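One structure is given here, and the rest of the page talks about it.
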Amino acid sequence: MSHFGVVAPAYYSHFHALQALAEELMRRGHRVTFFHQADAARWVTAPGIGFAVLGQASHPPGSLQRSLRLAANPGTPWGLRQIIEQLAATTRMFCDELPAALAQHGVDALLCDQMEAAGGLVAESLGLPFVSIACALPVNREPGLPLPVMPFAYATDERSLHMYRGSTQVYDWLMKPHARAIQSAAKTLGLAPRSALHECLSPLAQISQTLAGFDFPRQHAPPHLHAVGPLRNATIHGQGHWPIDPQRPFVFASLGTLQGQRLGMFERMAKACRHLDVQLLIAHCGLLDSTAEQRLHRLGATWVTDFAAQQWALERADAVITHGGLNTVMDAIASATPMLVMPIAFDQPGVAARVRHHGIGRQLQRRARPSRIAQVLREVFDMPTPAFARLKAELASAGGTAKAAAVVETAVRTRQPVVAGAPS
């Protein structure tokens, strides 16, 4: 049996997905240890999973919360620059400290989040087998497709292709601090030159939470890219306790675990739903206080809570208002719930573009006025649910966590590329 190390950016949703995969691997007899700064240990909650602290000097206790606040609301170009510098600092920390830590803990294989280049760099330098995991939209680049962080619709005309190329150049320019960190690490670790996330992926297996049918049409997907759908544990979905009236439209709203503090967005949603006289359940993921909750009630929210059983809520909802987090979108596909996507950051604009492309929701900019939200919600209520049929069927057969674990085991056992569609 193997001892897997997990390397990922310090975001709850990424840790949550990778912990589900870790639990499945442990059920199969393997060991799993997460490696990161001390503050991230609170997200590793499953019994039996190890946690090794890195970055005691560079990422001391208390520093993660400041980073998360900035990531949730960079505000200015300087704020964005700071986020990129933080990403670069974390990559440097991993590349400096991870090799010795892996040897100390006897790790013989790695699970590497695509968003943290250091995992692949260190694994390659040590000759360890590793599997890349795309918890967000895959970072794999392909000519003719926009980067996953871009809001562009899919098209093949020359104007669109030119826009994709230009936006990629702008992105690479913005990411120069991170590129320099990757370049320096590759040189120090004795690896071939590289400078971007997509150049640090596994040659054995890559696993994506995104359905192939949800992504834009790829012509050159790596043969070892496995779209397995959401990585979740095997626990039974929770139940909600809110007395939803089936005779009135019901809207569920969530902005995820990083953006749930955005009171202004929730206020505009509440006003829109009051105007439409529909039921609204807001889940803020523990990022608003009781005063804010009471204000949302006054403005039109029927119920406001920290956490809700999301799948339960979506199965009852006539529409969901979301920031475009991949987990919520995949859950909405599973329940065939039309979406109003109001993207904020990261890959959310790209997720929103794919929702539009497949006709399973509408999009608004995050500062949309209540009247506009109400108008588009009416359109969402009237969307035909057959648009979900193909994606829902693909999701049901994608394999999820069990499939991902099987791919991981095959990659580590054979040390050969695991081709998608082949037995694993």
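Between the DSSP loop rule and a limit of at most 12 other Cβ atoms within 10 Å, which trypsin sites (Lys or Arg not before Pro) in segment 270-312 are left?
On the way: sites: 271, 274, 295, 298; in loops: none.
Sites meeting the loop and neighbour criteria: none at all.
Only four residue types carry charge here, +1 at the Cβ of Lys and Arg and -1 at the Cβ of Asp and Glu. Report the dipole size of segment 250-395 about the Cα centre in Debye, rounded to the nearest 20.
Values: 17 positive and 12 negative charges, 111 e Å.
Dipole of segment 250-395, to the nearest 20 debye: 540 debye.
So if each residue of separation counts as 0.36 nm, and I subtract the Cα-Cα distance between residue 365 and residue 3, what length gain in nm does that give?
Numbers: separation 362, 0.36 × 362 = 130.32 nm, distance 4.43 nm.
Value of the extension gain: 125.9 nm.
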Where the only charges are on Cβ atoms (+1 Lys, Arg; -1 Asp, Glu), what is the dipole of the chain about its Cα centre, to the nearest 20 debye? 720
Pull out the extension gain between residue 192 and residue 41, defined as 0.36 nm times the separation in residues minus the alpha carbon to alpha carbon distance; nm, one decimal. 51.1 nm
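Over segment 250-395, what number does the Rg to Rh ratio reach, with both radii from the alpha-carbon atoms and Rh per Kirkwood? Write out the running numbers ahead of the final one.
Working: Rg = 13.8 Å, Rh = 14.8 Å.
So for segment 250-395, dividing Rg by the Kirkwood Rh gives 0.93.
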Ordered by packing density, taken as the mean number of other Cβ atoms within 10 Å over each peptide's residues, highest first, how do 98-110, 41-53 rank? 98-110, 41-53
Identify all aspartates and glutamates with a Cα-Cα distance to residue 403 below 15 Å; exclude those on the same chain that are fewer than 8 residues away in sequence. 23, 24, 394
Long-range HN-HN contacts of residue 134 with modeled amide H, under 5 Å: 114, 207, 208, 209
Explain nothing, just the number: relative contact order of the chain, from Cα pairs under 8 Å at least 6 residues apart, as a whole percent. 16
Which value, in debye to the nearest 20, describes the size of the charge dipole of segment 137-223 about its Cα centre when Lys and Arg Cβ atoms bear +1, Asp and Glu Cβ atoms bear -1, and nothing else is charged? 320
Rounded to the nearest Å, what's the spacing between the alpha carbon centres of segment 330-404 and segment 202-218? Just the number, please. 18
Choice from 132, 160, 397 showing the highest fluctuation, given a GNM over the chain with Cα pairs closer than 10 Å: 397
Pairs of alpha-carbon atoms within less than 8 angstrom and 6+ residues apart define the contacts here; what relative contact order does segment 250-395 have, in percent? 23
Around residue 110, which amide H atoms from residues at least 5 apart in sequence, or from another chain, sit under 5 Å from its own amide H, with H modelled in the peptide plane? 5, 130, 131
Over segment 144-259, relative contact order from alpha-carbon pairs under 8 Å, at least 6 apart, %: 16
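How long are the semi-axes of the equivalent ellipsoid of the chain, taking √(5λ) for every eigenvalue λ of the Cα gyration tensor, in whole Å from largest down?
35, 23, 23
Find out how many positive minus negative residues lie around residue 349, taking Lys and Arg as positive, Asp and Glu as negative, among other residues whose Cβ is under 15 Å from that of residue 349.
Numbers: positive: 354, 356, 362, 366, 367; negative: 215, 347.
Residues near residue 349 contribute +3 overall.
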Along segment 134-143, what does the Karplus equation 6.51 cos²θ - 1.76 cosθ + 1.60 (θ = phi - 60°) give for ³J(HN,Hα), rounded to whole Hz, x for Gly and Pro? 9, 6, 9, 4, x, 8, 3, 8, 8, x
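Once R0 is set to 45 Å, what does the formula 1/(1 + (r/R0)^6) return for the Cβ-Cβ distance between residue 51 and residue 158, expressed as a FRET efficiency to the nearest 0.05?
Values: r = 50 Å, r/R0 = 1.12.
That gives a FRET efficiency of 0.35.
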Once you place label points 7 Å from the Cα toward the Cβ at residue 170 and residue 212, how far apart are they in nm? 3.2
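Where a number appears in this text, it was derived from the coordinates with a stated rule and is not lab data. From a predicted model like this one, the values you see are computed outputs, not experimental measurements. Because the Cβ atoms are built from the backbone with ideal geometry, glycine has one as well, and the counts that use them run over all protein chains shown.
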